[in-house]
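The block underneath contains the structure these notes are about, expressed in structure tokens.
The values are calculated or read from the model by the stated rules, or taken from the named source; none is laboratory data. Here the structure is a predicted model, which is why all the values come from computation and not from measurement. Here the Cβ positions follow ideal geometry from the backbone for every residue, glycine too, while neighbour counts run over all protein chains shown. These area figures cover heavy atoms from the full protein model, side chains too; ligands, DNA and RNA do not enter into them. Shrake-Rupley method; radii C 1.70, N 1.55, O 1.52, S 1.80 Å.
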Amino acid sequence: MPDKELPAPAPSPAARRSDTTRTTILTAARERFAADGYERATIRAIAKDARIDPSMVMRYYGSKEGLFAAVLDVDLRLPGPDGLNPHEVGRVLVSHFLDLWEENEVLTALLRVGVTNPAGAERMQGIFRDQLMPVALRVCPDPEQAPARAALTASQVLGMAMARYVLRFPPAVALPREEVEAWLAPTVQRYLTAPHP
């Protein structure tokens, strides 16, 4: 008779508190790094924002650099390339990115940090390269063009994010979401799937 798999034990109260503390620190750090930039943000200010002792930040993340790396660890949760219809990829990606920007402040904070800090910019480059490139490779007509096509796609979604969610240009903010999708999706579709100009 095969052994029954036992359910995973519930996390202990201490583990739950630890997870809550980590989340609280990361939330405070994202906001502080976005507001002050990497250089001016301090562990003491982040701890104050999180309403914990600065030693707790050091305990969980080791240093300001370790905390910054954790803040910049973002999963775009892009749809799997194999499940994407090449004829719908522009609409799907634009809709997905709008969902991400509107669901939470993580990407907005990351974008702010990315434009003010070389490590943040490098991390943004890595996130988009590693997570958007498989989509471009799957749908573009020439795999050698995938890096350029992924970069063009990133320019559209990041440009709109900067205008709508970071700089908050009134006309960009006022556009209904459906119009944003209608404007951007054909451009992203062309970048990813059209023949080379």
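Brief remarks follow.
- Residue match in region 137-150 (condition: under 21 Å from G80 (Cβ atoms), among the β-branched types (V, I, T) and modelled with pLDDT under 95): yes
- Criterion applied to A151, A136 was being surrounded by 14 or more Cβ atoms within 10 Å (Cβ to Cβ) and either over 30 Å from D36 (Cβ atoms) or in contact with an Asp or Glu (Cβ under 9 Å, 6 or more places away or on another chain) (or both), and the one residue passing it is A136.
- Residue count for region 106-127, restricted to those that are of a type in the set (V, I, T), open to solvent by 50 Å² or more (accessible area, probe 1.4 Å) and either modelled with pLDDT of 85 or more or closer than 14 Å to A41 by Cβ (or both): 1.
- Residue within region 69-79 that is more than 22 Å from L158 (Cα to Cα), modelled with pLDDT of 85 or more and surrounded by 15 or more Cβ atoms within 10 Å (Cβ to Cβ) present: no
- Region 29-54, subset open to solvent by 70 Å² or more (accessible area, probe 1.4 Å) and not acidic (D, E), residue nearest to E105 (Cα to Cα): A35
- In the set (1) within 13 Å of the chain's Cα centre (by Cα); (2) assigned to a helix (DSSP H, G or I); (3) within 30 Å of A194 (Cβ to Cβ), V74 fails one condition alone, (2).
- Qualifying position, being surrounded by fewer than 17 Cβ atoms within 10 Å (Cβ to Cβ) and without any contact (Cβ under 8 Å) to a residue 12 or more places away in the chain, among D130, D142: D130
- Enumerated helices (runs of 4 or more DSSP H) restricted to region 79-197, each holding at least 3 residues that are among the polar types (S, T, N, Q): 146-161, 177-193
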